[in-house]
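Q: Before I ask anything, let me first share the structure, which is written out below as structure tokens.
The values are calculated or read from the model by the stated rules, or taken from the named source; none is laboratory data. Worth saying up front: this structure is predicted, and the values here are computed from it rather than measured. In this analysis, Cβ positions are derived from the backbone assuming ideal geometry, glycine residues included, and neighbour counts consider all displayed protein chains. With ligands, DNA and RNA removed, areas are computed over all heavy atoms of the protein, side chains included. Shrake-Rupley method; radii C 1.70, N 1.55, O 1.52, S 1.80 Å.
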Amino acid sequence: MAAEATQGPATVTEYIQHHLTNWSWQFGQSSFWTLNLDSLFWSALMGLLFLGSFAIAVRTSKRSIDSAPTGFQKYAEGVVTMVDNNVKDSMHVSSPLIAPLAITIFCLVLFMNAVDLFPVDFWSTVVAERGVGLENFKSVATTDPNITFGMAITVFLLVQYYSFKMKGAGGYGKEFLFHPFDHWALAPFNILLNLVEQIARPVSLALRLFGNMYAGELVMILIGLFALSKGWPFSVGAASLWVLQFVLGILWGSFHVIIVLLQAFIFMMLTIVYLSMAHEHSH
Amino acid sequence: MNLNATILAQMLIFALVIWVAMKFLWPEITGSIQERAKKIAEGLAAAERGQKDLLAAESRVEELVKAARERALAMEHQAQARANQIVEAAKQTAQTEAARLLEMAHAQVALETQKARDELRGQVAALAVSGAEQIIGREIDPRTHAQLLDKLAAGI
């Protein structure tokens, strides 16, 4: 935007690349041993935000057990009630893990997604580059597949752990061998099918969130290109591009609010479904 | 899209956040929700009980008022009867008293009359003597004529 232009003409490619490159730190020989510090920073920050806000809610509810809930308590109990109802609706078994897990997922994903509603240049350029002096700094953690895969794999591991725990080794193995076709001759086929099914879950979970958020972020960046390197709007043409960028930004941002909420909700719901399936015996 | 060790770090962060939420926050929040729900239910039950109590008290009050009214009415009747009785008795007493007084008055009158008559009798005797003296022109000796005079007085 304007800030970009005063620093010298940034090309479109430079602008886009600047917004899509992580602040990373390679600590091993192979390029796999790299940490995307910006994504982890936002992930941890939002985790703290979630835990902190709920801790405040717990404190206020302890202090005023007799009065009607206020402020943070209202927000926390609202989220808890909503998630709890969703869990109860889709579950037939009660588990001490599922509801807190669902809440954590919902709040964490929602918070990380919501950073997308800041102006695209705010964190990466204004704060990180100008303020702190970091060359690259992505602000929306869920546009990093590492983050979405990290969460999806954690959920996957929990699902495997709980299915093993609930069904036992025998039940777990039996389901793998004789489901969906209950015949010993088809066991290899069943194994293949179950493997695909099990692996497809975390992959789709991670890619869905990543894809939606990445696309949304990309559209934001593209909208940011309109008035790029046009400078302060002295001409009619530049001014109209500024207006266009502003209007489009508002429109897409408003629409994006829905995606931000919806993706958080979907990630949560699917986790609940997978975990409740892990608890169910009959198939 | 380059996958790297960030996945592992994110798994660690995520697991940590889940653990803290599950261990410390979830029980507290659900506990307080349940506690408040219980309190609200208790309050509602108490309100209903109060309503019932109120109704019971109202009907009891009505009963009491009715009983009191009945008693008052009975007392009024009793008092009326007693008053009548008293008035009746008073009338009786007054009548007997009046009769007694009347009788006494009669006796008095009779006594007075008798006295007056006796007095008059004595005076008539003296009068007759003095009249006779004047007529005869000489003194009649009352001792000699006492017998005559007495006869005269008795005749009056």
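Q: Mind putting a number on the dipole of chain B about its Cα centre? Charges go on the C-beta only, +1 for Lys and Arg and -1 for Asp and Glu, and I need it in Debye to the nearest 20.
A: The calculation lands at about 680 debye.
Q: Just to be sure I understand the model, the point goes 7 Å from the Cα along the line to the Cβ. What's the resulting B:LEU64 to A:SER240 distance in nm?
A: For B:LEU64 paired with A:SER240, the spin-label model returns 8.9 nm.
Q: Now, a different point. Averaged across A:38-50, how many Cβ atoms of other chains sit within 10 Å of each residue's Cβ atom?
A: Per residue, the number of nearby Cβ atoms from other chains is 3 on average.
Q: Okay, next question. Would you list, by chain and number, the lysines whose Cα falls below 18 Å from the Cα of B:LYS115, excluding same-chain residues fewer than 8 positions away?
A: Within the straight-line cut-off, B:LYS115 pairs with nothing.
Q: Using only Cα atoms and rounding to the nearest 10 degrees, what angle (0 to 90) does helix A:71-90 make with the longest principal axis of chain A?
A: Computed tilt is about 40 degrees.
Q: Let me test this: with uniform point scatterers at the alpha carbons of chain B, what is the Debye-based log₁₀ I(q)/I(0) at q = 0.19 1/Å?
A: -1.17
Q: Now for a different question. Which order do the peptides A:45-55, A:144-154 take when ranked by the mean count of other beta-carbon atoms within 10 Å per residue, highest first?
A: A:144-154, A:45-55
Q: Counting Lys and Arg as +1 and Asp and Glu as -1, what is the net charge of the other residues whose Cβ lies under 9 Å from the Cβ of A:ASN36?
A: -1
Q: Between A:GLY168, B:ALA105, B:SER32, whose Cα lies farthest towards the positive end of the dipole of the protein assembly as shown when Lys and Arg beta carbons carry +1 and Asp and Glu beta carbons carry -1, centred on the Cα centre?
A: Working it through, the farthest residue towards the positive pole turns out to be A:GLY168.
Q: Could you check the spin-label model distance between A:LEU207 and B:ALA57? Points 7 Å from the Cα along Cα→Cβ, value in nm.
A: With each label point 7 Å from Cα toward Cβ, the separation is 7.2 nm.
Q: From other protein chains only, count the Cβ atoms within 10 Å of every residue's Cβ in A:155-161, then give the mean.
A: 1
Q: Counting partner chain Cβ atoms within 10 Å of every residue's Cβ in A:147-154, what's the average?
A: 6
Q: Starting from the Cα of A:LYS167, draw a straight line to each of the aspartates and glutamates and keep only those under 20 Å, dropping any in the same chain fewer than 8 residues away.
A: Correct list for A:LYS167: A:GLU175, A:ASP182, A:GLU197, A:GLU280.
Q: Roll a 1.4 angstrom probe over the protein heavy atoms and tell me the percent of accessible area of chain B that is carbon or sulfur.
A: 62 percent
Q: Can you give me the % of accessible surface on the stretch A:45-112 that is carbon or sulfur? Probe 1.4 Å, all protein chains present, nothing else counted.
A: Carbon with sulfur: 65 percent of the solvent-accessible area.
Q: Let me ask something additional. Cα centroids of the stretch A:40-110 and the stretch A:233-283: how far apart, whole angstrom?
A: 22 Å
Q: Note the full-extension length gain between A:PHE32 and A:LEU45 as 0.36 nm times their separation in residues minus their Cα-Cα distance, in nm to one decimal.
A: This chain segment gains 2.3 nm when fully extended.
Q: Another question, if that's okay. In debye, nearest 20, what is the charge dipole magnitude of the stretch A:89-192 about its Cα centre with +1 on Lys and Arg Cβ and -1 on Asp and Glu Cβ, if you could check?
A: 380 debye
Q: On a 0 to 90 degree scale, rounded to 10, what angle separates helix A:187-224 from the longest Cα axis of chain A?
A: Compared with the principal axis, the helix lies near 20 degrees.
Q: Right, another one. Mind ordering A:259-267, A:189-197, A:172-180 by average Cβ neighbours within 10 Å, highest first?
A: Taking the mean over residues of other Cβ atoms within 10 Å, the ranking is A:259-267, A:172-180, A:189-197.
Q: If you don't mind, another one. At 7 Å along Cα-to-Cβ for each site, give me the label-to-label distance between A:PHE122 and A:LEU261 in nm.
A: Once both label points are built, they end up 1.9 nm from each other.
Q: Computed FRET efficiency, Cβ-Cβ of B:ALA74 and B:THR30, R0 51 Å: what is it to the nearest 0.05?
A: Calculated transfer efficiency: 0.20.
Q: Shifting gears a bit: Let me know the charge dipole size of the protein assembly as shown about its Cα centre in debye, to the nearest 20, where only the beta-carbon of Lys, Arg (+1) and Asp, Glu (-1) is charged.
A: So the magnitude is around 480 debye.
Q: Using only Cα atoms, tell me the angle between helix A:98-114 and the longest principal axis of chain A; keep it within 0 to 90° and round to the nearest 10.
A: 10 degrees
Q: For the B and A pair, go ahead and give the buried accessible area with a 1.4 Å probe, both sides summed, in Å² to 100.
A: Protein heavy atoms only, the B-A interface buries about 3300 Å².
Q: What FRET efficiency comes out for the pair A:MET166/B:LEU12, r = Cβ-Cβ distance, R0 = 41 Å, nearest 0.05?
A: 0.95
Q: Next question, about the same structure. Over 27 Å between C-alpha atoms is what I'm after, so list which of A:LYS62/A:LYS88; A:LYS88/B:LYS38; A:LYS62/A:LYS165; A:LYS74/B:LYS38; A:LYS62/B:LYS23; A:LYS165/B:LYS23 land there.
A: Beyond 27 Å between Cα atoms: A:LYS62/A:LYS165.
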